[in-house]
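Here's the structure we're looking at; comments come further down.
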Amino acid sequence: MSNLNALLDAATKHIEKGAIDDAEDLCRQALSRAPRNVRALKTHGLCQIGAGDLKAAMKSFELVLQLDPEDATACYNLALAQHAQGLFDLAELNFERALSLDPENATFHEAVAGILALRGQIEDAMRHLLMALELRPEDPSILANIGSVLSQIGALYDAVSHYERALEKQPENGPVTMQLAQILHDLGDHDRGLRLTEELYLKRPRDPVVLAAFAHSLAMVGDLERAAELVGKAFKISPDTVNALEEHALISAYRGDPDSGIAKLAGLLKTQKDNPHFCLLMATGLARVGKHAESVTLAEVALQEPATCAVAATLVRQGLFQQGKFAEAAEIMARLGAQTGGLDGVAAEDPDKVIIPLETKPLEAILFARFLGDRRPAEAAPAGQTIFAHEPLIPLLNRMSHGQEIRSLRGENLFTLAESGKSCFLASYAARPDINRYDPAGFEPYLRSDSRADDFWRGSLAPLRKPLCGITWAKHAPAPLLRDVEAGLQEWPGSVLSLMWDDQRAELEGNRKIIDAGAHLKSIEMLIDLIGKLDLVIGPDGPATHIAGAMGVPAIVLVTPDRQWYWYAPEGRSHWYPSVHVLERPWDEPMDRFAQRLSEKTSELAGLATV
């Protein structure tokens, strides 16, 4: 027996070093001496997983469990092999069986959480991850998985915090670095996202996945030439790297040649027609160029696969919204069981609690507030609804016509709130039946200014030539920059006011044509009060255009074909904000031509403002 254990000890060391062939040779020697030895079978099973022979690995662990049904590690490893084979139901059963045999095992909790998150059972997944973190408080893998789950429910700031903690423990973790960078880009913190991916690139300059991540960051800050160069380098190293293909499609669109990116994706899809991941990749590319019907068709293929279902459902829903097919979208969401949500998307037709966490962007709060409380018909409005919000959003919510009690989330546990009673997160209204019931013909402004600020703004604006136009702009292309918006206002007969109140105000230095109204703005409430006094608001997708729409103030939102679903615009008017005109610049349209079209639209609206 001692010789047998020595063989298996040596095999285990080979596995740890990645020398799978050597380990497997030793396991065969051990099994030739003791064919039903549990340790030998388990070690051989790990070799088979390492070699990619998953079916053989499953047989090895199944035999172990016949010999010892209480072996929790064998259950876990069997589940790993089943999961890798796409046998998710069986994997879930065996992960749970392993956990029942060893309930204090953090790895088992983490594995169960992964399956639950894949199925969209976010609340249960989070509960297991928090239990795992209790058992191993500093484990970078658990911290990163919590970050991943938090990002799925839109809790991006909390996700950033957990990813950062994971990187503190494991600074060289490339996947976590790239995930954190992506979330920072989603939050608009492009400079920080760029720093992370650039540092990773300097350490791994020939890793095609890292090259693609760095290229994405460069594209987000407008450095398209260098981004394209890096993607080309990634293709030379690995021609079919999915991440590089995705970034190639993005960069091609940003450079005005969207067909190039789509063609490359289509070439890959021809050889991978039944692969849901590639279908989803192509669907995303098609949505980016505004081909929403084709995008939905491909995304529906990915709905059938648990690993891609959640992302595909979002893409399908948003693609249908872009086509005005709200009833069809609601039907699909109902079929998937994801109409509404606490964390798990459990149906709550009339929620008694609406949760608005810190991660909710102000523009989302503005967009979905129309569905709160007595904004719905009297016979349909829920009684006694309570809105729980983080304190920075409460002043904004107090400006809205919903008639519901607002409570601070300070000291509250989001997961406890979500579990109790009928609750939902505000952002889940994107998948609720309320979306289908909304009729723009019945729209009434629901965001109001504070009458106490009237005297200040009237006095401040009185000397200015009318009509008054407020503008915002983007920091990076392809969204319109300050010069692009300014070019479209050359013929504006009145005064132009900047509504920027962050560090982008510095771009106005030396500009004598635009009034820096942002110098007086200290809060989003002050922005609301100012917008209420304007004749027109112009800018890319952001709080200013949403505020104007919710107040019924005329506006022009400047978008590209990858616009968000809520800018669906039959006949050029926003479905969700009837006072907002949606002006889209096709990817291949020169910016000077777009500025000319903007000028024509502003001249039209200026005429209405002076009537």
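The values are calculated or read from the model by the stated rules, or taken from the named source; none is laboratory data. All figures in this text were calculated on a predicted structure; none of them were measured in a lab. All Cβ positions, glycine included, derive from the backbone under ideal geometry; neighbour counts span all protein chains shown. Side chains included, ligands, DNA and RNA excluded: accessible areas come from the protein's heavy atoms. Shrake-Rupley method; radii C 1.70, N 1.55, O 1.52, S 1.80 Å.
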With 5 Å bins from zero, work out the P(r) of the stretch 526-572 over every alpha carbon pair and list the percent per bin. 5, 21, 34, 22, 11, 6, 1
For SER161 the rounded accessible area (nearest 10 Å², probe 1.4 Å, non-protein molecules ignored) is 50 Å²
Where N is the number of residues in the stretch 153-214, Cα Rg divided by 2.2 N^0.38 Å: 1.05
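Sort LEU8, LEU101, LEU26 by heavy-atom solvent-accessible area, probe 1.4 angstrom, most to least. Can you show the working numbers first?
Details: LEU8 0, LEU101 60, LEU26 30 Å².
Solvent-accessible surface, decreasing: LEU101, LEU26, LEU8.
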Determine Rg/Rh for the chain; Rg is computed over alpha-carbon atoms and Rh is the Kirkwood hydrodynamic estimate from the same atoms. 1.02
Compute, for the chain, the length of the dipole vector about the Cα centre, with Cβ point charges of +1 (Lys, Arg) and -1 (Asp, Glu) only. Units Debye, rounded to 20. 780 debye
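If you keep only loop residues by DSSP, which chymotrypsin sites (Phe, Trp or Tyr not before Pro) in the stretch 451-552 have at most 12 other Cβ atoms within 10 Å of their Cβ?
On the way: sites: PHE456, TRP457, TRP473, TRP501; in loops: TRP473, TRP501.
Hits after loop and neighbour filter: nothing returned.
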Between ALA293 and ARG465, what length comes free when the chain is fully extended (0.36 nm per residue of separation minus the Cα-Cα distance, one decimal in nm)? 57.3 nm
Work out the charge dipole of the chain with +1 on the Cβ of Lys and Arg and -1 on the Cβ of Asp and Glu about the Cα centre, then indicate which of THR360, TYR568, PRO586 is farthest towards its positive end. PRO586
Excluding the sites themselves, what is the longest stretch of the chain that contains no trypsin sites (Lys or Arg not before Pro) in a DSSP loop with at most 11 other C-beta atoms within 10 Å? 37-272
Put a dot 7 Å past each Cα toward the Cβ at ARG483 and LYS270; how far apart are the dots in nm? 4.1 nm
What does the accessible area per residue of the stretch 413-532 come to in Å², with a 1.4 Å probe and no ligands, DNA or RNA counted? 49 Å²
With all distinct Cα pairs included, what does the Kirkwood hydrodynamic radius of the stretch 544-594 come out to in Å, to one decimal, could you say? 11.2 Å
At a Förster radius of 60 Å, what calculated FRET efficiency corresponds to the Cβ-Cβ distance of LYS169 and SER603, to the nearest 0.05? 0.55
Largest-first principal axis extents, alpha carbons of the stretch 424-466, Å: 47, 25, 16
Give the average over all directions of the projected area of the C-alpha convex hull of the stretch 51-160, one decimal, in nm². 7.1 nm²
Compute the distance from the alpha-carbon center of the stretch 95-160 to that of the stretch 35-65, in whole Å. 26 Å
For ASP191 and LYS59, what does the FRET efficiency come to when R0 = 56 Å and r is the distance between their Cβ atoms, rounded to the nearest 0.05? 0.60
For the pair PHE456/ARG593, report the inter-label distance in nm, with labels modelled 7 Å from Cα in the Cβ direction. 4.5 nm
Bin by bin, in steps of 10 Å, what percent of the Cα pairs in the stretch 170-323 do you find, going until the bin that has the longest distance? 12, 37, 39, 12, 0
Summarise the long-distance tail of P(r) for the stretch 1-57 by giving the % of C-alpha pairs beyond 14 Å. 44 percent
Between helix 224-237 and the chain: long-axis angle, C-alpha atoms, 0 to 90°, nearest 10: 20 degrees
Return the ratio Rg/(2.2 N^0.38 Å) for the stretch 240-323, where Rg is computed over Cα atoms only. 1.00
If the label point sits 7 Å along Cα→Cβ of ASN398, residues of the stretch 448-465 with amide N under 18 Å come out as 448-454
Cα extents of the stretch 45-85 along the three principal axes, largest first (Å): 25, 14, 13
What accessible area per residue, rounded to a whole number of Å², is obtained for the stretch 191-262 using a probe radius of 1.4 Å? 44 Å²
Taking the radius of gyration and the Kirkwood hydrodynamic radius from Cα positions alone, what is the Rg/Rh ratio for the stretch 56-121, to two decimal places? 0.96
Using just the Cα positions, wrap the stretch 112-187 in a convex hull and report its mean projected area in square nanometres, one decimal place. 4.5 nm²
Carbon and sulfur atoms: what percent of the 1.4 Å accessible area of the chain do they account for? 50 percent
Euclidean distance between Cα centres, the stretch 429-485 to the stretch 520-556, Å: 2 Å
Extension gain GLN304-GLU525, at 0.36 nm per residue separation less the Cα-Cα distance, in nm? 75.1 nm
Ratio of Rg to Rh over the stretch 392-489 (Cα coordinates, Kirkwood Rh, two decimals): 1.07
Calculate, for the stretch 48-168, the solvent-accessible area per residue in square angstrom, rolling a 1.4 angstrom probe over the heavy atoms of the protein chains. 43 Å²
What angle do you read, to the nearest 10 degrees and between 0 and 90, between the alpha-carbon axis of helix 276-288 and the longest principal axis of the chain? 10 degrees
State, in angstrom, two size descriptors of the stretch 1-122 derived from its alpha carbons: Rg to one decimal place and Dmax to the nearest whole number. 14.7, 48
To the nearest 0.05, what FRET efficiency results for GLU331 and LEU90 with a Förster distance of 30 Å applied to their C-beta separation? 0.45
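Provide the convex hull volume over Cα atoms per residue for the stretch 487-544, in Å³.
About 97 Å³ per residue, rounded to a whole number.
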Roll a 1.4 Å probe over the protein heavy atoms and report the accessible area of HIS520 in Å², nearest 10. 100 Å²
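Compute and list, largest first, the equivalent-ellipsoid semi-axes of the stretch 500-602 from the alpha carbon gyration tensor, each √(5λ) rounded to a whole angstrom.
That gives 23, 18, 12 Å for the three semi-axes.
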